[in-house]
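All remarks here apply to the structure that follows.
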Amino acid sequence: MGGKSCVRISYDGGMGNEGGTGLILGIESSCDETAAAVVRRGGEALSNVVASQMELHANYGGVVPELASREHLRNIVVIVREAMARAGVSFAELDAVAVTEGPGLAGALLVGITYAKALAYGVGKPLIGVNHLEGHIHAVLMEARARAEEAMEMPLLALVVSGGHTHLYLAKQVDASWRYQNVGKTVDDAAGEAFDKVAKLLGLGYPGGPWIDGLAGLGNPKAVEFKFGQIKTRAEKGGRSFEELARFDFSFSGIKTAVLRYVETQGMREAISVRREALAGVAKPTVADAAGLCDGRTLDLIASFQGAVVGNLLRQAFGAAEAFGARGIVVSGGVAANGELRRRFLAEGERRGLPVAFPSLALSTDNAAMIAAAAWPRFLAVEFADEGMGALPQMRLG
Ligand code: KG4
Ligand code: ZN
């Protein structure tokens, strides 16, 4: 334990609501996954069911909002019932129902919210609205608690990095509640979006992250040099402290353009078309299939792209952690599944004596266990939603 600002992660004691069974049903439908989970006291997942629409959207190379809403409608009742059955609990045993209220696709969010509201009303349980980004952070914290590891000290620096978000937060628990301060975000594309766009450009599958992750190890990451410039942010001056002014923002649209330029100047277009068509002809293409269709220069480009993106995420995250005196780093969101990112963050954390934590691969991508976990401190603090709760597609955290 360090100085005054260090608080252990603990949800017991001195709070407004001790709960009955401690069971919360979480529901998530913000993007292309319909998910439900039952979690006890914010730490123990009794079930965690996810219906992914990935294959549906893969045909379009990205998430199609109308299709996403329709699939959520089709899946939500089945998924919630499955989560309850696997947990072996009845609705009457729940302490609360929690649902993602934003950010995300408006129509997709509304399916989960409308269902959760009706359910909570029907079974007479409180309803809790959860920010999806806060959920990603709690995915790490709940697993750390479940493993009963040495608790991480506060404040924490949280990197939430997915297909829709690249955010840095300074996070700490104050009594029952968690407080977040955004200290960095992307000014254009999200990191996962860059993985998806570059993979598409190179004739690989969707989502792009796992393809690039799988192929990068076969190339030379030093072959192509990519530069990240300093991001100018509109920080207002005037009596504000360093903490309020310091920013660790990201930009990933430049590297995507640089990859495109490299493809053009190196005359790689034709080989990409051949690869795209060959992979389209394979029923369930694997990374090995794709590797067989990539020459050395393409593998080098993929390795260099991934190395540069991971290097940038690492510099900004550790830079922010140092600037704000964070005592540990938690990384979550779909891109947190990346092998190189995990290796390099852990190595850098070790070098600096700063603990770094990730969720398991299953909890890195969108799920509802993280929503139920983030709802637990809100339940204890009696922070319930009313019947007017709506979707907040642009919802911010901190
Ligand atoms: O958190 P998530 O499931 O959904 C969003 O909220 O966006 O993240 C999906 C994103 C996609 O952009 C996908 O390409 C990326 O996470 N991703 C990865 C890996 N696995 C998924 N990016 C890099 N390496 C991976 N192994
Ligand atoms: Zn997400």
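The values are calculated or read from the model by the stated rules, or taken from the named source; none is laboratory data. Everything numeric here is computed off the predicted structure, so don't read it as measured data. So basically every Cβ, Gly included, is an ideal-geometry build from the backbone, and we count neighbours across all protein chains shown.
Below are the figures for this structure:
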{"quantity": "Qualifying positions in the stretch 331-379 - away from ligand 2 (no atom under 16 Å from the Cβ) and acidic (Asp, Glu)", "calculated": "Glu340, Glu348, Glu350"}
{"quantity": "Residue within the stretch 234-242 that is modelled with pLDDT under 95 and within 15 Å of ligand 1 (Cβ to nearest atom) present", "calculated": "no"}
{"quantity": "Among the residues listed as Gly353, Gly388, Gly328, the single one being away from ligand 1 (no atom under 13 Å from the Cβ) and either aliphatic (A, V, I, L, M) or buried (at least 16 other Cβ atoms within 10 Å of the Cβ) (or both)", "calculated": "Gly328"}
{"quantity": "Residue pairs meeting the criteria (Cβ under 8 Å; at least 6 apart or on separate chains; first farther than 18 Å from Ala258 by Cβ and at pLDDT below 95, in the stretch 202-227; second away from ligand 2 (no atom under 16 Å from the Cβ) and aromatic (Phe, Trp, Tyr))", "calculated": "Gly205/Trp211"}
{"quantity": "Hits in the stretch 169-194 (condition: touching a helix residue (DSSP H, G or I) at 6+ places or on another chain (Cβ under 9 Å) and within 16 Å of ligand 1 (Cβ to nearest atom))", "calculated": "Tyr169, Thr186, Asp188, Asp189, Ala190, Ala191, Gly192, Glu193, Ala194"}
{"quantity": "Flag if Pro393 is within 16 Å of ligand 2 (Cβ to nearest atom), crowded, with 22+ Cβ neighbours inside 10 Å, outside the structural domain of Ile27 (by the TED database) and not in a helix (DSSP H, G or I)", "calculated": "no"}
{"quantity": "Test: residue in the stretch 256-270 that is more than 16 Å from ligand 2 (Cβ to nearest atom) and in contact with a Gly (Cβ under 7 Å, 6 or more places away or on another chain)", "calculated": "no"}
{"quantity": "Unique residue being within 19 Å of the chain's Cα centre (by Cα) and of a type in the set (Gly, Ala, Ser) when the list is Ala216, Ala191, Ala223", "calculated": "Ala191"}
{"quantity": "Condition check for Val287: touching a helix residue (DSSP H, G or I) at 6+ places or on another chain (Cβ under 6 Å) and either of a type in the set (Phe, Trp, Tyr) or within 14 Å of ligand 1 (Cβ to nearest atom) (or both)", "calculated": "yes"}
{"quantity": "Residue match in the stretch 286-307 (condition: under 20 Å from Pro155 (Cβ atoms) and at pLDDT 95 or above)", "calculated": "no"}
{"quantity": "Criterion violated by Gly388 - all others in (1) within 14 Å of ligand 2 (Cβ to nearest atom); (2) small (Gly, Ala, Ser); (3) not in a helix (DSSP H, G or I) satisfied", "calculated": "(1)"}
{"quantity": "Selected residue (criterion: nearest to ligand 1 (Cβ to nearest atom)) from residues of the stretch 361-385 that are assigned to a loop (DSSP other than H, G, I, E, B) and of a type in the set (S, T, N, Q)", "calculated": "Thr365"}
{"quantity": "Subset of the stretch 24-49 (residues that are closer than 10 Å to Ile79 by Cα and either at pLDDT below 95 or touching a His at 6+ places or on another chain (Cβ under 8 Å) (or both))", "calculated": "Thr34"}
{"quantity": "Segments classed as helices (runs of 4 or more DSSP H), wholly inside the stretch 61-173, with at least 3 members that are among the β-branched types (Val, Ile, Thr)", "calculated": "65-87, 106-123"}
{"quantity": "Conditions (1) without any contact (Cβ under 8 Å) to a residue 40 or more places away in the chain; (2) within 22 Å of Leu202 (Cα to Cα); (3) within 16 Å of ligand 1 (Cβ to nearest atom); number of the one not met by Gly307", "calculated": "(1)"}
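Quick grid of which residues meet (1) crowded, with 19+ Cβ neighbours inside 10 Å; (2) of a type in the set (A, V, I, L, M):
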position: Leu56; (1), (2): no, yes
position: Gly61; (1), (2): no, no
position: Met84; (1), (2): yes, yes
position: Ala106; (1), (2): no, yes
position: Thr114; (1), (2): no, no
position: Ala118; (1), (2): no, yes
